[in-house]
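J.: Okay, here's the structure, questions in a sec.
The values are calculated or read from the model by the stated rules, or taken from the named source; none is laboratory data. Computed from a prediction, not measured in an experiment: that's the story for all the values here. Here the Cβ positions follow ideal geometry from the backbone for every residue, glycine too, while neighbour counts run over all protein chains shown.
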Amino acid sequence: MSSGTTVVIIVIAIIVIALIIAATMAARRRRLQRQFGPEYDRVVSEQDSRLRAEAELAERQRRVRKLDIQPLSDAARTRYLAEWQAVQEQFVDSPEEAVTNAYALLTTVMKERGYPVTDDEQVLADLSVEHGNTVGHFRQAQEITTNVAHGSVNTEDMRQALIHYRALFSDLLGEPVDPAAGEPVTSSAARHARVPDDDLAGYQPAPTPTEPNGLSAEPTEPAEPAEPVTEDSDLESDSTSQPQGR
């Protein structure tokens, strides 16, 4: 075999190996994007390197595989749904306490599922492996809860925190969640887990429509029905309409 042929074979082999590596990395990237959802983009932005971000996400996968993560029993799910309902009802009279209790309830659910909860950052990293679509909601709710302790959060912010907590809560209980909105997909359990926005403190109904002059538009009074014509008036009308006899 000539040296020229050998060089060509080596070049082809290198190209084939490079294509295999590229295809493998692309497939791995797609798997990570599919599994971690929005968390993939967040880590890439945070690391400022796609390769470093993917290495971190792969490390999260390896760590979580070593944990004994278990689904909840039906009895546990029913119990936690009832507790969530109580937190939701508590929000109306005591939003600060309700938000704090929502966080505590989520921590309890995570512990029963098998997640270590001693380190907040590690909790977020562990949750992202199986709950990448909702862990971002949990992160936002945590920020609001931290500010609640400082007294720098209004009622609407606390309402949003409870809605964010609801997304991860439903996900941990095994309910499908719309990743874009964090809304539990309608099912019997998800309906119980929902926070009806109209019932939460801080909710304000739509303002009354106004006229161009800024005054409240008064509803138009319905026209009063015409009084029925009585028999006497009919007779009187008939008598007056008859020609007078001479």
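J.: May I ask you to list the residues in region 33-55 that are among the small types (G, A, S) and either in contact (Cβ under 8 Å) with a residue 40 or more places away in the chain or in contact with a His (Cβ under 9 Å, 6 or more places away or on another chain) (or both)?
T.: Listed by number, the list holds a single entry, G37.
J.: Anything in region 115-142 that is outside any helix (DSSP H, G or I) and more than 16 Å from the chain's Cα centre (by Cα)? List them, or say none.
T.: Result: Y115, P116, V117, T118, D119.
J.: Continuing with the same structure: Anything in region 120-157 that is under 19 Å from L32 (Cα atoms) and among the acidic types (D, E)? List them, or say none.
T.: D126, E130
J.: Still on this structure: Any chance region 36-58 includes a residue that's more than 21 Å from Q140 (Cβ to Cβ), at pLDDT 85 or above, crowded, with 16+ Cβ neighbours inside 10 Å and hydrophobic (A, V, I, L, M, F, W, C)?
T.: Within region 36-58, none of the residues are more than 21 Å from Q140 (Cβ to Cβ), at pLDDT 85 or above, crowded, with 16+ Cβ neighbours inside 10 Å and hydrophobic (A, V, I, L, M, F, W, C).
J.: Hey, could you check region 1-34 for residues that are basic (K, R) and modelled with pLDDT under 85 and say which is farthest from the chain's Cα centre (by Cα)?
T.: Top of the filtered list is R28.
J.: Still on this structure, I have one more. For region 119-131, check the following and say yes or no: at least one residue is hydrophobic (A, V, I, L, M, F, W, C), surrounded by fewer than 19 Cβ atoms within 10 Å (Cβ to Cβ) and without any contact (Cβ under 8 Å) to a residue 12 or more places away in the chain.
T.: no
J.: May I ask you to list pairs of residues, at least six apart or on different chains, whose Cβ atoms are under 6 Å apart, with the first in region 1-23 being within 23 Å of R50 (Cβ to Cβ) and not assigned by TED's automatic domain parsing to the domain that holds L51 and the second being loosely packed, with under 10 Cβ neighbours inside 10 Å and not β-branched (V, I, T)?
T.: none
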